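Q: Take a look at this one; I'll ask things after.
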Amino acid sequence: MTKRSSRMGWVVLVAVAIVALLWWIGRRSGDGKPAEGQAVPVVTAAVRQGGFVVYRSQPGTVTPANSVVVRSRVDGELTRVAFTGGQKVKQGDLLAEVDPRSFQAQLQLATGDLARSQAQLANAQETLTHYQALLAQDSISRQRVADQQALVRQYAAEVKSEQGRIGTANLQLSSTRITAPISGTVGLRRVDPGNLVGPGDAGGIVTVTQSQPSKVVFSVPVQDVPHVLDRLRNDTCIPVDAYGDDPDHPIGSGRLLAANNQVDPSTGTVRMEAQFANEGGELLPNQFVTARLPVQVIADAILVPSAAVQQGAQGAFVYVVKKDGTVAVAPVQTGASDAATTVIRSGVAPGDSVVVQGADRLRNGVAVKPTPGNEAPPMAAVATCGRPAAAASSPTPPAHP
């Protein structure tokens, strides 16, 4: 072997050693594990004890308090439409008119028949009075008087019948003026003047909806229903917020009215109904919204920031900072949670310090350099439709248990 070849061999060996050393250093720095004796900087938060509200957000549909399809009660030609689409009306306001001439003629005929029957009745009563005087003088047979009495009763019955016909004619004539059955907002008209209308029209003339107040109908999973029913039975006002496309700003706030008395077997849910004042008209009939309500208030719960909870092969755990400056893995059983806070059923105690940032570089027994960070949100009063309620954490909406 020449001297030049020997030198090249040493150069190759040195290069391989340098590459191996760099690879080992890179692996040690890339695996996220600190070198021995090096403290890992982390952000911590204290475990606290307090109230927690379990919220449920479910899709719902807005329904008006009342909705009426206005139809003509009589058959006839529509001669006038007295509203415009979207107009607000009060109960009794004129909406449309039907040609009244045929009903006026019927009323006139019934009035004439009544006058004739009344005249016949008066004449029959006068004759009966005369016959009764003759019967007292024994100048007429009793059968003649009885026949006249029957005739009087017949004419009296005819008078009542004609009065009934007049009442029917008056009712039909008044029905040619179609008025608003409720106060509310009218939709777009469905029939133009000149068309024949009647009580059998499927679409009617227009729909009047009363959207102040409005209702939101939604379904709640059956496992949450007992908590809601307990609060309803105790006459607790349960607030309900309705959200549209923006999950951070509700479009309306109301209160829970009632829950259905049976479970839908196909979905395992129970339908519920909430009422909204809807003074500004933000909720429209048949609008799809997300209804959010507090289904349960957990008192004296152990709370940690949700960022502190890690998931491993054995389940959920947190890193607890010990007094000697190292961390320990604490398996925990989690309960309800939202984006900010998680309820811990077991595993940590109030006052413990848990890692909320920097956990990806930790393992059991690693030394850390803790920096206190933001704790779980402070307790806030839960809205209960104007009445004070138990304090609980205020999660970011909408949250799911």
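The values are calculated or read from the model by the stated rules, or taken from the named source; none is laboratory data. Keep in mind it's a predicted model, so treat the numbers as computed, not measured. Neighbour counts are summed over all protein chains in view; Cβ atoms, including those assigned to glycine, are modelled from backbone coordinates with ideal geometry. Heavy atoms of the whole protein, side chains included, go into the accessibility calculation; ligands, DNA and RNA do not. Shrake-Rupley method; radii C 1.70, N 1.55, O 1.52, S 1.80 Å.
Q: Open to solvent by less than 30 Å² (accessible area, probe 1.4 Å), of a type outside the set (Gly, Ala, Ser) and not in a strand (DSSP E or B): does that describe VAL355?
A: Spelling it out, it is not the case that VAL355 is open to solvent by less than 30 Å² (accessible area, probe 1.4 Å), of a type outside the set (Gly, Ala, Ser) and not in a strand (DSSP E or B).
Q: Which condition from (1) touching a helix residue (DSSP H, G or I) at 6+ places or on another chain (Cβ under 8 Å); (2) buried (at least 17 other Cβ atoms within 10 Å of the Cβ) is the one that GLN125 breaks?
A: It fails just one condition, (2).
Q: Here is a list: ASP93, ASP138. Which entry is of a type in the set (Asp, Glu), touching a residue at least 60 places away in the same chain (Cβ under 8 Å) and either open to solvent by 50 Å² or more (accessible area, probe 1.4 Å) or within 30 Å of GLY281 (Cβ to Cβ) (or both)?
A: Of the residues listed, the single one that is of a type in the set (Asp, Glu), touching a residue at least 60 places away in the same chain (Cβ under 8 Å) and either open to solvent by 50 Å² or more (accessible area, probe 1.4 Å) or within 30 Å of GLY281 (Cβ to Cβ) (or both) is ASP93.
Q: Outside any strand (DSSP E or B), at pLDDT 90 or above and either within 30 Å of SER214 (Cβ to Cβ) or out of contact with any Asp or Glu (no Cβ under 9 Å at 6 or more places or on another chain) (or both): which single residue out of THR342, THR267, THR334, THR290 fits that description?
A: Of THR342, THR267, THR334, THR290, the one residue that is outside any strand (DSSP E or B), at pLDDT 90 or above and either within 30 Å of SER214 (Cβ to Cβ) or out of contact with any Asp or Glu (no Cβ under 9 Å at 6 or more places or on another chain) (or both) is THR267.
Q: Now a separate question. Quick one: in the stretch 77-87, of everything that is surrounded by 13 or more Cβ atoms within 10 Å (Cβ to Cβ) and under 21 Å from GLY281 (Cβ atoms), which residue is farthest from the chain's Cα centre (by Cα)?
A: PHE83
Q: So which residues in the stretch 96-105 are in a helix (DSSP H, G or I) and crowded, with 17+ Cβ neighbours inside 10 Å, if there are any at all?
A: PHE103
Q: Further, regarding this structure: Which one of PRO331, PRO305 is of a type outside the set (Lys, Arg) and closer than 30 Å to ASP245 by Cβ?
A: It is PRO305.
Q: Scan (1) touching a residue at least 24 places away in the same chain (Cβ under 8 Å); (2) within 43 Å of the chain's Cα centre (by Cα) for the single condition THR326 breaks and write down its number.
A: Of (1) touching a residue at least 24 places away in the same chain (Cβ under 8 Å); (2) within 43 Å of the chain's Cα centre (by Cα), only one is false for THR326: (2).
Q: List every residue pair whose Cβ atoms sit under 8 Å apart, with the two residues 6 or more apart in sequence or on different chains, where the first one lies in the stretch 211-239 and is part of a helix (DSSP H, G or I) and the second, anywhere, is surrounded by fewer than 18 Cβ atoms within 10 Å (Cβ to Cβ) and among the small types (Gly, Ala, Ser).
A: VAL222/GLY268; VAL225/ALA259; VAL228/ALA259; LEU229/ALA259; LEU232/ALA258; LEU232/ALA259
Q: Another question, if that's okay. Would you be able to say whether some residue in the stretch 294-302 is over 28 Å from ASP230 (Cβ atoms), small (Gly, Ala, Ser), open to solvent by 60 Å² or more (accessible area, probe 1.4 Å) and modelled with pLDDT under 90?
A: Checking the stretch 294-302: not a single residue is over 28 Å from ASP230 (Cβ atoms), small (Gly, Ala, Ser), open to solvent by 60 Å² or more (accessible area, probe 1.4 Å) and modelled with pLDDT under 90.
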